[in-house]
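Colleague: Have a look at the structure that comes next, please.
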Amino acid sequence: MDKYGLIGFPLRHSFSKDYFNNKFAAEGINAEYINFEIASIKELKSIIRNNPELKGLNVTIPYKEQVISYLDYINDNAKQIGAVNVIKIDRRKKKIKLSGYNSDITGFEESIKPLLKPYHRQALVLGTGGSAKAIYYGLQQLGLEATYVSRQKSSEQILTYSELTQEVMEARTVVVNCTPVGLWPDVDDCPLIPYQFLTAKHLLYDLLYNPDETLFMKKGEEHGAVVKNGLEMLLLQAFVGWNFWIKE
């Protein structure tokens, strides 16, 4: 039986295991999807060595950037983004080849595109990790000017939360949460943006999907903003990731 899986830490929030195992059962695919919750990316080598049936992996927080140094090949999208969330494992030759891809960008673009209006020209990307890099790149591909938001300022492309003035919020009408803040079970937390400056022209997109409606989304709705969680993105990127795994 072929195996596929997910590496990350923690993994209690992930729906990927159920999604893929249901897919395998429904389509008669002789395969199993397993969660590999690892405390260090260094454990990747032993996972591949100890699971000879493993054909592919998804990568989630916090390893989308760290995993790159373990790969033999990275496609152009993943290289430009600087993050990988899909690994294909090729064992057909004596040397195992690990290839890295990024399906987050396609999933995000297809999910947010129907919600974008002509006045959505600038965006805030909350977070600077691997997921944030894919979202930043995706927004640029969609024609939006994007700015990272982080707790610490390390470059001109990054604003701190304390710099989110009314003027900044009025200009940047798309806000994407790429942080784990608000993830179950910490459902009473939310990113510390000035929600009082949100309007009906704002679009708040949360990559989180557990819970279905995060506090970030609820606070947006209170000010008339359009909100969406990351479940559709998860499903779309999973479909793209599966195609990476099965292509020759």
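The values are calculated or read from the model by the stated rules, or taken from the named source; none is laboratory data. These numbers come from a predicted model, not from an experiment. Glycine also receives a Cβ, built like all others from the backbone with ideal geometry; neighbour counts cover every protein chain displayed.
Colleague: If you go through the stretch 159-175, how many residues are surrounded by 12 or more Cβ atoms within 10 Å (Cβ to Cβ) and of a type in the set (Gly, Ala, Ser)?
Modeller: 1
Colleague: Further question: Based on what the data block shows, is Gly82 touching a Ser or Thr at 6+ places or on another chain (Cβ under 9 Å) and surrounded by 15 or more Cβ atoms within 10 Å (Cβ to Cβ)?
Modeller: Judged against the criteria, Gly82 is not a match.
Colleague: Take the conditions within 29 Å of Leu6 (Cα to Cα), in contact with a helix residue (DSSP H, G or I) (Cβ under 7 Å, 6 or more places away or on another chain) and hydrophobic (A, V, I, L, M, F, W, C) and apply them to Ile135. Does it pass?
Modeller: Yes, satisfied.
Colleague: Right, next: Report every pair of residues separated by at least 6 positions or lying on different chains whose Cβ atoms are under 9 Å apart, first residue within the stretch 169-186 and in the same structural domain as Glu221 (by TED's automatic domain parsing), second modelled with pLDDT of 95 or more and among the basic types (Lys, Arg).
Modeller: Glu170/Lys201; Ala171/Arg121; Arg172/Arg121; Thr173/Lys117; Thr173/Arg121; Thr173/Lys201; Val174/Arg121; Cys178/Lys133
Colleague: Which one of these is hydrophobic (A, V, I, L, M, F, W, C) and in contact with a Lys or Arg (Cβ under 9 Å, 6 or more places away or on another chain): Ile158, Ile193, Ile135?
Modeller: When all the criteria are applied, what remains is Ile193.
Colleague: Restricting to the stretch 142-158, give me the number of residues that are of a type in the set (Lys, Arg) and in contact with a Ser or Thr (Cβ under 6 Å, 6 or more places away or on another chain).
Modeller: Matching residues across the stretch 142-158 total 1.
Colleague: Any residue in the stretch 69-76 that is assigned to a loop (DSSP other than H, G, I, E, B), of a type outside the set (Val, Ile, Thr) and touching a Leu at 6+ places or on another chain (Cβ under 7 Å)?
Modeller: Among the residues of the stretch 69-76, at least one is assigned to a loop (DSSP other than H, G, I, E, B), of a type outside the set (Val, Ile, Thr) and touching a Leu at 6+ places or on another chain (Cβ under 7 Å), which makes the answer yes.
Colleague: Here's a follow-up. Name the pairs: first residue in the stretch 62-90 and farther than 16 Å from Ile41 by Cα, second residue in a loop (DSSP other than H, G, I, E, B) and of a type in the set (Asp, Glu), Cβ to Cβ under 9 Å, at least 6 apart or on different chains?
Modeller: Listed by first residue and then by second, the contacts come to Gly82/Glu65; Asp90/Asp72.
Colleague: Being in contact with a Phe, Trp or Tyr (Cβ under 8 Å, 6 or more places away or on another chain) and farther than 19 Å from Lys133 by Cβ, is that true of even one residue in the stretch 70-90?
Modeller: The answer is yes; a qualifying residue exists.
Colleague: Does the stretch 189-248 hold any residues that are surrounded by fewer than 18 Cβ atoms within 10 Å (Cβ to Cβ) and touching a Cys at 6+ places or on another chain (Cβ under 9 Å), and which are they?
Modeller: Within the stretch 189-248, just Lys218 meets the criteria.
Colleague: Here are some conditions: (1) over 18 Å from Ile105 (Cβ atoms); (2) surrounded by fewer than 23 Cβ atoms within 10 Å (Cβ to Cβ). Val149 meets all but one. Which one does it not meet?
Modeller: Val149 satisfies every listed condition except (2).
Colleague: OK, next. Within the stretch 85-108, restricting attention to residues that are among the polar types (S, T, N, Q) and under 13 Å from the mean Cα position of the chain (by Cα), which residue is surrounded by the most Cβ atoms within 10 Å (Cβ to Cβ)?
Modeller: Asn102
Colleague: From the set of residues in the stretch 157-183 that are touching a His at 6+ places or on another chain (Cβ under 6 Å) and part of a loop (DSSP other than H, G, I, E, B), which is modelled with the highest pLDDT?
Modeller: Per the stated criteria, the residue is Thr173.
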